[in-house]
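Accompanying notes for the structure given below.
The values are calculated or read from the model by the stated rules, or taken from the named source; none is laboratory data. Nothing here was measured: the structure is a model prediction, and the numbers come from that model. Don't worry about glycine lacking a Cβ; one is built from the backbone with ideal geometry, like all the others, and counts go over all protein chains shown. For the accessible areas, the whole protein counts, side chains as well, though only heavy atoms, and no ligand, DNA or RNA atoms are used. Shrake-Rupley method; radii C 1.70, N 1.55, O 1.52, S 1.80 Å.
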Amino acid sequence: MTAARGRMGRPPLTEERRAAIRLGIARAAVDLFIAQGVAATTGEQIGQAVGVTARTVWRYFPTKESCVRPLFSTGVDTIATALRQWRPGQPLQEAFDPLWATDTPLAGSDVGALLRLTRTEPGLRAVWLQIHDEAEPAFARALAERAGLPADDVRPVIWAAMLNAALRAAVEHHAARSTDPDVSPASITADLEASLRAALAIAAAGIT
């Protein structure tokens, strides 16, 4: 009687490993988009840059433009958590202190260049705007929970739209001004933080 054969092949990837692969693909795509443009970049080139096949790239992302989603969407959950923890009477900027203490993928010259590309590349612009469109319901739920309001109340929806627009405008404003290659990463991060803090202060004035 023969022994039962065990499973063959590679073990399934962990969620952490899949996230790492997605982020690696995203950063490789950004580098290529900046260096040679979106039109000239292929899935094969993105895969080669990160050490995976083009088939793997398309398994994670439906289009080459969508490869940048991880760099744009990382902060959504962090922002929603900060909104839930925003205490009455506390300045909104202080509720975001944990965000400043983490390494945000938007605080880099490469992503700043990517954001500038969204002004001329419709596919990238669509991804950027879609991320913000998807973020609004998460922000609205967090604000409704904080205020003790029912899910069908329109006020958190409007507050979320205001906050979302303010954050997007601040990041785009930062990216448009961060064009000097000689500026240090620390200075870039400090400028981004200052832009976001200013946007939060403006948005908070309209949120009760």
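Restricting to region 149-172, name every residue that is at pLDDT below 90 and either open to solvent by 60 Å² or more (accessible area, probe 1.4 Å) or over 30 Å from Gly112 (Cβ atoms) (or both).
Answer for region 149-172, where residues must be at pLDDT below 90 and either open to solvent by 60 Å² or more (accessible area, probe 1.4 Å) or over 30 Å from Gly112 (Cβ atoms) (or both): just Ala151.
Restricting attention to region 32-53, report how many residues are free of Cβ contacts under 8 Å to residues at least 60 places away in the same chain, assigned to a helix (DSSP H, G or I) and open to solvent by 20 Å² or more (accessible area, probe 1.4 Å).
Number of matching residues: 8.
Tally up the residues in region 185-208 that are of a type in the set (Val, Ile, Thr), farther than 18 Å from Ala160 by Cα and open to solvent by less than 40 Å² (accessible area, probe 1.4 Å), please.
Of the residues in region 185-208, 1 are of a type in the set (Val, Ile, Thr), farther than 18 Å from Ala160 by Cα and open to solvent by less than 40 Å² (accessible area, probe 1.4 Å).
Do we have any residue at all in region 61-81 that's farther than 26 Å from Ala176 by Cα and surrounded by 14 or more Cβ atoms within 10 Å (Cβ to Cβ)?
Filtering region 61-81 down to residues farther than 26 Å from Ala176 by Cα leaves 61-62, 81.
Adding the requirement that they be surrounded by 14 or more Cβ atoms within 10 Å (Cβ to Cβ) leaves 61, 81.
Yes, because at least one residue in region 61-81 is farther than 26 Å from Ala176 by Cα and surrounded by 14 or more Cβ atoms within 10 Å (Cβ to Cβ).
If Thr81 satisfies every condition in (1) over 13 Å from the mean Cα position of the chain (by Cα); (2) at pLDDT 85 or above; (3) over 17 Å from Ala175 (Cα atoms); (4) among the polar types (S, T, N, Q) but one, which is the exception?
Status for Thr81: all satisfied but (2).
Return the only residue of Pro62, Pro11, Pro98 being part of a loop (DSSP other than H, G, I, E, B) and either at pLDDT 95 or above or within 21 Å of the chain's Cα centre (by Cα) (or both).
After ruling out the rest, the residue left standing is Pro62.
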